[in-house]
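Here it is, the structure in full.
The values are calculated or read from the model by the stated rules, or taken from the named source; none is laboratory data. Remember, predicted model here, so these are calculated numbers, not experimental data. We place every Cβ from the backbone using ideal geometry, glycine too, and count neighbours over all the protein chains shown. What goes into the accessible areas is simple: the full protein's heavy atoms, side chains included, and nothing from ligands, DNA or RNA. Shrake-Rupley method; radii C 1.70, N 1.55, O 1.52, S 1.80 Å.
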Amino acid sequence: MDVSLVIPTYNERDNIHPLVERIHRALSPLGISYEIWFVDDSSDDTVAVLRDLESQDPAVHVFHRDHERGLASAVVRGFERAQGRYLIVMDADLQHPPELLPAIYERLESGIDVVIPSRFVEGGSDGGLGPLRKLISWTARVIGQLALHRLRKISDCTSGFFGLRRDVIEGVELNPIGWKILIEVLVKGRYRSVHEIAYEFVARDFGESKMSLKEQWNYFRHLVRLVSQSPPDRRFFLFCFIGLSGVVVNEAVLSLLWYGFHLRDTVASVAASLVAMLNNYFWNDRVTWKSESSGRGWGWKLPVFVGISLVGIAITTLVMRGCEELGVPVPVGQAIGILVSTVWSYWMNSRVTWRNIEREARGDAIVVTRESVRDSLMRAKTGA
């Protein structure tokens with residue numbers, strides 16, 4: 001089997017026949033073998049429409065679920081049943097144009113691992129969404145890109161329309177929450193290349209949107225789970241948490257030396273800061289950048305870490321003073337300075353102090369390419 005289409009459905013009875021007809025019109029001229037897997041969670045008579053179509057069309061297969069719900073999990077169940085070398089996921093609401101299927105197949109056949117029709121490549125459009133949905137979609141993408149490094153180069157990382165080679169997910173445990181299966185694939189999958197094709201997202205003709213507050217909450221839960229399962233992504237959050245613990249250690253040691261041993265305030269402050277730095281270094285070495293060799297190299301790693309920390313303190317002070325000159329209250333300016341210095345300190349430590357571990361984590365460099373509508377037309381004309 002060349003291609004397996006996996007289409008999750010929930011109460012989409014009016015869209016089924018038009019969708020299948022357009023899929024056949026798009027793929028039949030290619031002369032390839034393909035199958036269409038509908039994974040249905042419907043509570044109306046959509047399953048009856050699907051069963052009737054399955055009995056008439058040998059390309060159509062239906063798996064109806066009574067005790068499981070969720071778009072992303074439906075796609076996983078479809079992957080488990082699909083036989084194709086290439087897997088293509090799309091919605092049943094006709095907002096994903098089947099006419100793009102030949103282009104997706106051709107890009108996969110050319111050796112690309114993941115192909116994503118994107119609303120945000122030159123010539124693409126998300127015009128099928130209302131203003132509120134556009135805002136929600138934008139917010140979801142930005143949060144995902146900030147939290148997960150593999151999403152940062154992808155313009156449409158929350159898309160429900162994409163294709164991939166089977167070996168991208170072969171042997172990979174997919175356990176998504178909610179509705180965004182693509183981010184699960186992008187974070188956990190084994191791939192080297194991603195290609196985005198511009199397309200226009202169109203308004204649905206029948207049925208209702210499945211977006212809800214519950215699904216938005218599930219999306220955030222999903223991101224938290226993926227961050228916790230991805231060492232390169234959880235490092236920054238661990239670095240920040242350990243930094244906060246250093247503040248507690250600093251205050252505790254300062255209080256002990258000042259009130260308990262009656263040391264001068266300057267001496268107590270410097271000693272407390274040094275103890276806090278040692279605390280931060282120890283836990284970052286053993287937890288944030290943990291590896292078999294992380295306990296070694298204190299002779300050079302510790303001084304480098306302390307040097308970066310001291311520069312971070314200087315950055316905090318400079319930013320605070322700069323904000324003060326602009327009329328920003330000192331506490332606010334200090335908070336901005338801490339944020340800037342934290343990002344800088346993490347960036348420097350990951351590339352200098354623990355550079356070997358970070359190089360190993362970045363060993364799966366991914367190439368992302370994009371194709372605008374104009375590029376697609378040129379490609380079609382030249383036959384490339």
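Is there a residue being open to solvent by 70 Å² or more (accessible area, probe 1.4 Å), in a loop (DSSP other than H, G, I, E, B) and modelled with pLDDT under 90 anywhere in segment 126-148?
Initially, segment 126-148 is screened for residues open to solvent by 70 Å² or more (accessible area, probe 1.4 Å), giving 131-135, 138, 146.
Those left that are additionally in a loop (DSSP other than H, G, I, E, B): none.
The answer is no; no qualifying residue exists.
Next up: In segment 296-317, how many are at pLDDT 85 or above and open to solvent by 70 Å² or more (accessible area, probe 1.4 Å)?
Looking only at that region, the number is 2.
Right, something else. What tally of residues in segment 69-84 results from selecting those that are surrounded by fewer than 16 Cβ atoms within 10 Å (Cβ to Cβ) and more than 24 Å from the chain's Cα centre (by Cα)? Give the steps one after another, and end with the answer.
If we filter segment 69-84 for residues that are surrounded by fewer than 16 Cβ atoms within 10 Å (Cβ to Cβ), which is where we start, we get 69, 80-81, 83.
Remaining after also requiring more than 24 Å from the chain's Cα centre (by Cα): 81, 83.
Count: 2.
Right, another one. Scan segment 207-218 and give yes if some residue there is open to solvent by less than 20 Å² (accessible area, probe 1.4 Å) and at pLDDT 80 or above, otherwise no. Let's see the steps before the verdict.
Taking segment 207-218 as the starting set, the residues that turn out to be open to solvent by less than 20 Å² (accessible area, probe 1.4 Å) are 218.
From what is left, the residues that are at pLDDT 80 or above are none.
The answer is no; no qualifying residue exists.
Could you tell me which numbered condition S341 fails, if it satisfies all but one of (1) farther than 20 Å from R234 by Cβ; (2) modelled with pLDDT of 80 or more; (3) open to solvent by 70 Å² or more (accessible area, probe 1.4 Å)?
(3)
I'd like the full set of residues that are modelled with pLDDT under 95 and surrounded by fewer than 17 Cβ atoms within 10 Å (Cβ to Cβ), limited to segment 32-47.
S43, D44, D45
Do we find that E109 is open to solvent by less than 60 Å² (accessible area, probe 1.4 Å), in contact with a Phe, Trp or Tyr (Cβ under 9 Å, 6 or more places away or on another chain) and either at pLDDT 90 or above or not assigned by the TED database to the domain that holds E173 (or both) in this structure? Can you show your working first?
Numbers: open to solvent by less than 60 Å² (accessible area, probe 1.4 Å): no; in contact with a Phe, Trp or Tyr (Cβ under 9 Å, 6 or more places away or on another chain): yes; either at pLDDT 90 or above or not assigned by the TED database to the domain that holds E173 (or both): yes.
For E109, the condition - open to solvent by less than 60 Å² (accessible area, probe 1.4 Å), in contact with a Phe, Trp or Tyr (Cβ under 9 Å, 6 or more places away or on another chain) and either at pLDDT 90 or above or not assigned by the TED database to the domain that holds E173 (or both) - is not met.
Here's another thing I want to ask about it. Pairs please, first residue from segment 140-167 and closer than 10 Å to L182 by Cα and in contact (Cβ under 8 Å) with a residue 60 or more places away in the chain, second anywhere and open to solvent by 40 Å² or more (accessible area, probe 1.4 Å) and among the aliphatic types (A, V, I, L, M), Cβ atoms under 8 Å, 6+ apart in sequence or on different chains.
G160/L71
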